[in-house]
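The values are calculated or read from the model by the stated rules, or taken from the named source; none is laboratory data. From a predicted model like this one, the values you see are computed outputs, not experimental measurements. For neighbour counting, all protein chains shown are included, and Cβ atoms are generated from backbone atoms with ideal geometry for every residue, glycine included. For the accessible areas, the whole protein counts, side chains as well, though only heavy atoms, and no ligand, DNA or RNA atoms are used. Shrake-Rupley method; radii C 1.70, N 1.55, O 1.52, S 1.80 Å.
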Amino acid sequence: MHRPPDLRLRFTRAERWVHRTTATLLLTCLATAACLYLPPLAELVGRRRLVVTVHVWCGLALPVPLLLGLAFRAVRADVSRLSRFHPVDRAWLRATWARAVHRPAGKFNAGQKLYAQWTLGAMLVIIGTGLLMWLTHLAPADWRTGATFVHDWLAAAIAVVTAGHIRMALRDPEARRGMRTGLVDRDWAEREHPQWPDPEPGQGSPAGAASPAGARE
């Protein structure tokens, strides 16, 4: 399908599927956790056993979309980008701290990389502690007590960070458009992610333009 020259592909269908499915599972986990821990919601929803079942299975399924998505080259490429820091990312952090208008960034800025890495780590810990709570024969009682403490407080932290992520998304309609349709305005891409190499030179970015040192993407 022909793409208008003022638009640029940011996310493939596979990448958008991974994001949407993971977001749905995570939000379901947070909603069911709220129903389990907040008495007013628990009384309103009822059916605690069903809520627990949905919570457990959505939690166990959290890594599945990413694991399936790794079959696609675009997903693997973005995972590689998100897992590595370059000098341009440190420059972005310094510019953000200084409240500078112009902040260097590749396809993903340093804040997005930190969020992705934190989310993956938190996901693994929350699943591990959840398994200790659910399968009581796996560990002694003191381990399960510690797992419950970590699970509950980490869930609260995930809720806060997720709310911040949603708030940031609501403030950037073009970023939401990229995740919704896969396409973004080329001017937006050049302004917000100037070190993101353009695979289609001659359509908004100078052909063969060199990226600053350390801005490998």
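The single condition among (1) in contact (Cβ under 8 Å) with a residue 12 or more places away in the chain; (2) open to solvent by 50 Å² or more (accessible area, probe 1.4 Å); (3) farther than 23 Å from ARG81 by Cβ; (4) not polar (S, T, N, Q) that GLU190 does not meet is (3).
Residues in the range 1-59 that are open to solvent by less than 80 Å² (accessible area, probe 1.4 Å), of a type in the set (A, V, I, L, M, F, W, C) and not in a helix (DSSP H, G or I) were compared, and the one that is nearest to ASP198 (Cα to Cα) is LEU9. Where helices (runs of 4 or more DSSP H) sit wholly within the range 60-141, those with at least 1 residues that are open to solvent by 70 Å² or more (accessible area, probe 1.4 Å) and under 20 Å from ARG167 (Cα atoms) occupy 87-97, 110-134.
Whenever a residue of the range 168-187 is within 12 Å of ARG16 (Cβ to Cβ) and in a strand (DSSP E or B), its partners that are open to solvent by 40 Å² or more (accessible area, probe 1.4 Å) and not acidic (Asp, Glu), lying with C-beta atoms within less than 8 angstrom and at least six residues away or across chains, give the pairs LEU183/ARG3; LEU183/LEU9; LEU183/ARG177.
Among the residues of the range 152-187, those identified as open to solvent by 70 Å² or more (accessible area, probe 1.4 Å) and among the β-branched types (Val, Ile, Thr) are VAL160, ILE166. For the range 142-151, state whether one or more residues are at pLDDT below 95, open to solvent by less than 70 Å² (accessible area, probe 1.4 Å) and closer than 24 Å to LEU67 by Cα. Yes, because at least one residue in the range 142-151 is at pLDDT below 95, open to solvent by less than 70 Å² (accessible area, probe 1.4 Å) and closer than 24 Å to LEU67 by Cα.
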